[in-house]
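What follows draws every value from the coordinates through simple rules; no lab data is involved. Predicted model only: the values in this text are computed from it and were never measured. Because the Cβ atoms are built from the backbone with ideal geometry, glycine has one as well, and the counts that use them run over all protein chains shown.
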Amino acid sequence: MRTPIIAGNWKMYKTPAEAVAFVKELAPRLAGFDAAERVVCPPYVAIPGVAEALKGTPVKVGAQNVHWEKQGAFTGQVSAPMLQGLVEYCIIGHSEVRQYLGETDEMINNKAKALLAHGLKPIIAVGESLSQNEAGETEAFVGAQVQAAFTDIPVEALANIVVAYEPIWAIGTGKSASPEQANAIIKRAIRDVLADLYGQDAAQAMRIQYGGSVKPDNMLAFMSQPDIDGALVGGAALKVNDFVKLVELAVEAKGAR
Ligand code: 13P
């Protein structure tokens with residue numbers, strides 16, 4: 001059985017003080033849902049405070065990006081060794097970073113390798129644009145993103161990687177993919193591609209999230225799909241009640257399996 005993982009990607013929201021106050025309210029309410037992994041990914045500057053506030057709680061911390069080098073003249077960047085001890089997860093390949101900061105498939109692959117080398121777990125985001133979706137290119141495009149992201153990553157590393165399918169047109173728009181559509185892409189463009197690369201057993205064990213306008217009112221439908229193992233959540237993860245509800249629904253949908 002794959003443990004569901006619900007991760008909140010806070011993007012560029014919440015000051016360090018707001019972040020700490022938020023997780024102090026959130027953590028006690030997320031106790032008792034041990035059938036799901038619960039992760040918050042605050043902005044870099046809030047990570048130390050949040051990590052400290054969450055010590056001894058079941059809520060884990062992730063970063064939203066990382067540089068692939070250990071150190072160097074890279075203004076504004078943060079490396080994997082700098083995140084060690086503070087976070088367990090790190091999102092890479094988010095469409096906003098690909099689009100606004102020019103992150104390429106090669107960079108994402110290098111970031112994945114840097115994270116793994118430092119004992120950190122990548123959450124690798126992939127997803128197509130609206131025009132690619134309308135042109136029927138989704139499967140080929142997402143499959144190629146997956147292949148590129150996993151270049152030279154050995155099968156033993158797979159247990160420490162999560163993939164997130166986030167159609168760009170569904171992010172922050174209130175439009176989500178239909179649960180059936182999302183499951184079909186996750187199955188054909190991600191799990192089957194991983195099966196070709198690593199074999200069926202490894203691919204079946206991989207956790208793959210859906211992301212894009214996930215809210216309490218559509219969560220159960222997504223989590224009821226066989227290939228969707230959790231959610232990467234933006235807007236709804238910024239509200240304590242909504243995030244708690246999402247975790248509750250994930251456990252409801254997957255707990256019994
Ligand atoms: P929304 O949930 O706000 O659509 O954001 C999704 C996302 O980009 C998570 O990484």
Would you mind computing, in nm to one decimal, how far apart the modelled labels at S224 and A144 are, each placed 7 Å from Cα along Cα→Cβ? 3.6 nm
Under a point spin-label approximation (7 Å from Cα along Cα-to-Cβ), what is the T151-Q181 distance to one decimal in nm? 3.0 nm
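For segment 26-92, which trypsin sites (Lys or Arg not before Pro) are both in a DSSP coil and crowded by at most 16 other Cβ atoms within 10 Å?
K55, K70
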Shape of segment 77-152 from its Cα gyration tensor (a ≥ b ≥ c, root eigenvalues): rounded if a/c is under 1.5, otherwise prolate when a/b > b/c, or oblate? prolate
Cα Rg, Dmax (largest Cα-Cα span) when computed across segment 145-257, Å: 14.2, 41
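Let's test the formula: R0 of 25 Å, r as the Cβ-Cβ distance of A17 and L86. What FRET efficiency results, to the nearest 0.05? Mind showing how you got there, number by number?
Details: r = 18 Å, r/R0 = 0.70.
Plugging the Cβ-Cβ distance into 1/(1 + (r/R0)^6) gives 0.90.
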Once you treat every alpha carbon in segment 136-194 as an equal point and sum by Debye, what is log10 I(q)/I(0) at q = 0.23 Å⁻¹? -0.99
Given labels modelled 7 Å from the Cα in the Cβ direction, how far is it in nm from T173 to A195? 2.9 nm
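For Cα pairs less than 8 Å apart in space and 6+ apart in sequence, what is the mean separation divided by the residue count of the chain, i.e. the relative contact order in percent? Walk me through the intermediate numbers first.
Numbers: 497 pairs, mean separation 53.6, N = 257.
This gives 21 percent for the chain.
Can you pick out the pairs among K55/K215; K121/K175; K55/K175; K70/K187 whose Cα atoms lie more than 31 Å from each other?
Values: K55/K215 27 Å; K121/K175 29 Å; K55/K175 36 Å; K70/K187 34 Å.
Beyond 31 Å: K55/K175; K70/K187.
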Rounded to whole Å and sorted largest first, list the principal axis extents of the Cα atoms in segment 206-255. 27, 19, 16
State the volume of the convex hull built on the alpha-carbon positions of the chain, expressed per residue in Å³ and rounded to an integer. 115 Å³
Would you mind telling me which residue in K175, K121, K215 has the biggest mean-square fluctuation in a Gaussian network model of the chain, where springs connect alpha carbons within a distance under 10 angstrom? K175
For segment 94-220, what is one quarter of the convex hull surface built on the Cα atoms, given in nm²? 7.8 nm²
In whole Hz, the Karplus estimates of ³J(HN,Hα) for segment 56-70 (6.51, -1.76, 1.60; θ = phi - 60°; x where Gly or Pro) are x, 9, x, 8, 9, 10, x, 9, 9, 5, 7, 8, 7, 7, 6
For segment 35-135, what mean projected area does the convex hull of the alpha carbons give, in nm²? 7.9 nm²
